[in-house]
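What follows is a single structure, written as structure tokens, with notes after it.
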Amino acid sequence: MSASEWPLWEVFVRSRRGLSHTHAGSLHAPDAEMALRNARDLYTRRSEGVSIWVVPSSAITASSPDEKDPFFEPAADKPYRHPTFYEIPDGVKHL
Amino acid sequence: MVATVVESESAGAEAYAEAFDAAVAADERIEPRDWMPGDYRATLVRQMAQHAHSEIIGMQPEANWITRAPSLRRKAILMAKVQDEAGHGLYLYSATETLGASRDDLLDKLHSGRQKYSSIFNYPTLTWADVGAIGWLVDGAAITNQVPLCRCSYGPYARAMVRICKEESFHQRQGYELLLALSRGTDAQHAMAQDAVDRWWWPSLMMFGPPDDESAHSARSMAWKIKRHSNDELRQRFVDICVPQAEALGLTLPDPDLRWNEERGHHDFGPIDWEEFREVLRGNGPCNDQRITQRRQAHEEGAWVREAAAAYAAKHTDRLHGEATA
Amino acid sequence: MTAALALGDDALVLAHRLGEWAGHAPVLEEEVALANIALDLLGQARVLLSMAGDEDELAYLREERAFRNVQLVEQENGDFAHTIARQLYFSTYQELLYGQLAAGESEFAPLARKAAKEVAYHRDHAEHWTLRLGDGTAQSRERMRRGLDTLWRYTGELFEPVDGLDLDRDALRRGWTDSIGSVLDRATLTVPEGPQRGAWTAGAGRQGLHTEPFGRMLAEMQHLHRSHPGATW
């Protein structure tokens, strides 16, 4: 970090109770306290949120696109995990 | 051995390139950590940075009237709008940073003239009506340009644009409403509105960029789905939208050649003064120096503030991180 | 409605001053923060002035001597530290003031209940910056100290009685003094010494006596509205 460049933070906003925090974008701030405040000003100007998380971008470990196949393909061949896999006769309710 | 390595690398690169092309062709989004051609990345950085810079420089002509807004309602609207522009600049810088460009570096390039911003902001806001004309015409042109960008192939850019377009819907309407109040007001107010439209109309048409046959980057950007429609196509769409809106305002557009062409199903309009466009782009517009000087000054005068906060954070790291998540 | 004018003018004038920052803030994130505060204050001003009459007539057609804001809020922005010092002094006062009004039954109670939350955030913003500037670099510390010192003489007026406001002014002053003392202590700064008011016995802002920059501020704010008498915008 140069003397004046503040680190980058990722911002996650819970838009209303019952929903999980969703990535909203990023911003710069000198520290976590200011990051939270900047996030409130920037990403909830139109009352878009009830709760905010800020995470230093450098603290995020992401799956690499190269690992895409081993990470995600095994799940793709398990269609039985999805409800639409099962055929239910018309008219049967509450399933 | 060396040869084999190179071969397998280039085979890998080809596979990546194919995957990229296939994703773009299938209208899927490219995400930050995906492989992408160097030129695609460079084109995006150039365009997104320019877009972010335009939001930030674009604050100035309107902020010029915050302290003089003629009613408290208008003052609040204008403050909120200029604030949104700062916010939109931030969304766009943040999206650009996903491509590995740092904000400091982007700002440096803006301040040193190595990256551009929209030329429209090199025109002055001389009267209050200019605030209305910017909202109606400049934001109108920007929205025409931006709505297709919500489907741009680069995910972070597309997402930023969705947010921006949603928030910007009030910008154009407030400008139109402002002009309508002037147009229906006293004779002096009406004249003020007409004068502003006369001055902003042609520069607004220039916002769509040079004609298609002269546009340097258009064709490739279209192929990559960074851009969805050609400059001339969007310009025509904008003119067609504005003509009835001007009528409803009771104002005229300053173009004697403007008329409906039944055959084309569009309005014909007069020739654009591309020499003026090129000159303003070259730095010879009425406000080029003023805009960059103010931006640079704000940045330089703010340096001690940014340094202070960084110094404080360095001293208090433990406490700040301990308290951070509430 | 002296009280509505006094509180409304405070909010309006400070909103205007903060609006002057647009395009000049030290970092983009702060453009957004300062504008948020200005918009909150402008919203409060509109409610308060409307309690006293027509908001635009009051804002745009009164002469300088008819404005009832405290002199603190009309002070020029200066550098960022100066603005933060002004914010710290004023938002700490406003939070305590609205706190008292919100707990009461006066016509100001509904506004105060809503505005108290806004103002708590303004105070929080000012506090966080006071800490960072005071305990940041040698330069920021010096600037912050200077801002606090320069504006100190305008703080006494905050605790003068206002016609029509039933306030526990002792509690207001005590709360303010404690709060400012604690923030400055954490910012490794000291509370300024010296008088909290000017030596002019004629009075100050609440009596319609203002400082020289205020006249120029009003001239800029009012000129367009006044140039078109009777026009609607």
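The values are calculated or read from the model by the stated rules, or taken from the named source; none is laboratory data. Only a predicted model underlies this, so the values are computations on that prediction, with no experimental measurement involved. Cβ coordinates were reconstructed from backbone atoms using ideal geometry, including for glycine residues, and neighbour counts include every protein chain displayed. For accessibility, only protein heavy atoms count, side chains too; no ligands or nucleic acids. Shrake-Rupley method; radii C 1.70, N 1.55, O 1.52, S 1.80 Å.
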message: I need the semi-axes of the equivalent ellipsoid of the range B:119-223: take the C-alpha gyration tensor, multiply each eigenvalue by 5, square-root it, list largest first in whole angstrom.
response: 30, 17, 9
- prompt: Tell me, what is the percent relative contact order of chain B, built from C-alpha pairs under 8 Å that lie six or more residues apart?
  reply: 17 percent
statement: Using the Kirkwood radius over Cα pairs of chain B, the Stokes-Einstein translational diffusion coefficient at 4 °C and 1.567 mPa s, in µm²/s and rounded to a whole number, is 59 µm²/s
task: Could you calculate, for the protein assembly as shown, the ratio of the Cα radius of gyration to the Kirkwood radius, expressed as Rg to Rh?
output: 1.01
task: With the Cα gyration tensor of the range C:91-207 in hand, convert its eigenvalues to equivalent ellipsoid semi-axes via √(5λ) and list them largest first in whole Å.
output: 27, 19, 11
query: Which angle from 0 to 90°, rounded to the nearest 10, does the C-alpha axis of helix C:138-152 make with the longest principal axis of chain C?
result: 40 degrees
- request: Please report the Cα spread of the range B:236-326 along all three principal axes, rounded to whole Å, starting with the longest.
  value: 71, 38, 25
message: Leaving out ligands and nucleic acids, and using a 1.4 Å probe, what accessible area per residue does the protein assembly as shown come to in Å²?
response: 44 Å²
query: Whole-Hz Karplus ³J(HN,Hα) for the range B:159-169, in order, using 6.51 cos²θ - 1.76 cosθ + 1.60 and θ = phi - 60°, x for Gly and Pro?
result: 5, 4, 5, 4, 4, 5, 4, 4, 6, 7, 4
message: Please compute, for peptide B:173-180, the average count of beta-carbon atoms on other protein chains lying within 10 Å of each residue's beta-carbon.
response: 0
field: C-alpha long axis of helix C:2-19 to longest principal axis of chain C, angle in °
entry: 60 degrees
query: For the range C:164-218 and the range B:186-202, what is the separation of their C-alpha centers, rounded to whole Å?
result: 46 Å
- request: Please check chain C for the longest run free of GluC sites (Glu not before Pro) that are loop-located per DSSP (anything but H, G, I, E, B) and have at most 11 other Cβ atoms within 10 Å.
  value: C:106-192
field: Spatial extent of the range B:189-299: Rg and Dmax, with the Cα atoms as the point set, Å
entry: 16.7, 53
- request: Using only alpha carbon positions, build the gyration tensor of the range C:1-91, then give the equivalent ellipsoid semi-axes as the square roots of 5 times its eigenvalues, largest first, whole angstrom.
  value: 24, 13, 11
query: Reachable lysines from residue B:227, Cα under 30 Å, same-chain residues fewer than 8 places away excluded?
result: A:68, B:81, B:109, B:116, B:166
- prompt: Roughly what % of DSSP beta bridges within the protein assembly as shown run antiparallel, to the nearest 5?
  reply: 95 percent
message: How big is the range B:114-171 along each principal axis, measuring the range of its Cα positions in Å and listing the largest first?
response: 39, 32, 14
- request: Please determine, in degrees from 0 to 90 and to the nearest 10, the orientation of helix B:72-97 with respect to the longest principal axis defined by the Cα atoms of chain B, where the helix direction is its Cα long axis.
  value: 30 degrees
- request: Order the peptides B:112-119, B:83-90 from the highest to the lowest mean number of other Cβ atoms within 10 Å of their residues.
  value: B:83-90, B:112-119
- prompt: Convex hull volume of the Cα atoms in the range C:173-233, per residue, in Å³?
  reply: 192 Å³
query: Any number yet on Rg/Rh for the range B:194-235, C-alpha, Kirkwood?
result: 1.13
statement: Rounded to a whole number, the mean other protein chain Cβ count within 10 angstrom for residues of B:84-95 is 6
D_trans [Stokes-Einstein, Kirkwood Rh over alpha-carbon pairs] for the range C:2-227, 20 °C, 1.002 mPa s, µm² s⁻¹: 121 µm²/s
query: Cα convex hull of the range C:1-50: mean projected area in nm², to one decimal?
result: 3.0 nm²
message: If you take the accessible area of A alone plus C alone and subtract the pair, what total do you get in square angstrom, rounded to 100, with a 1.4 Å probe?
response: 1100 Å²
message: For peptide A:18-30, what's the mean number of Cβ atoms from other chains within 10 Å of each residue's Cβ?
response: 5
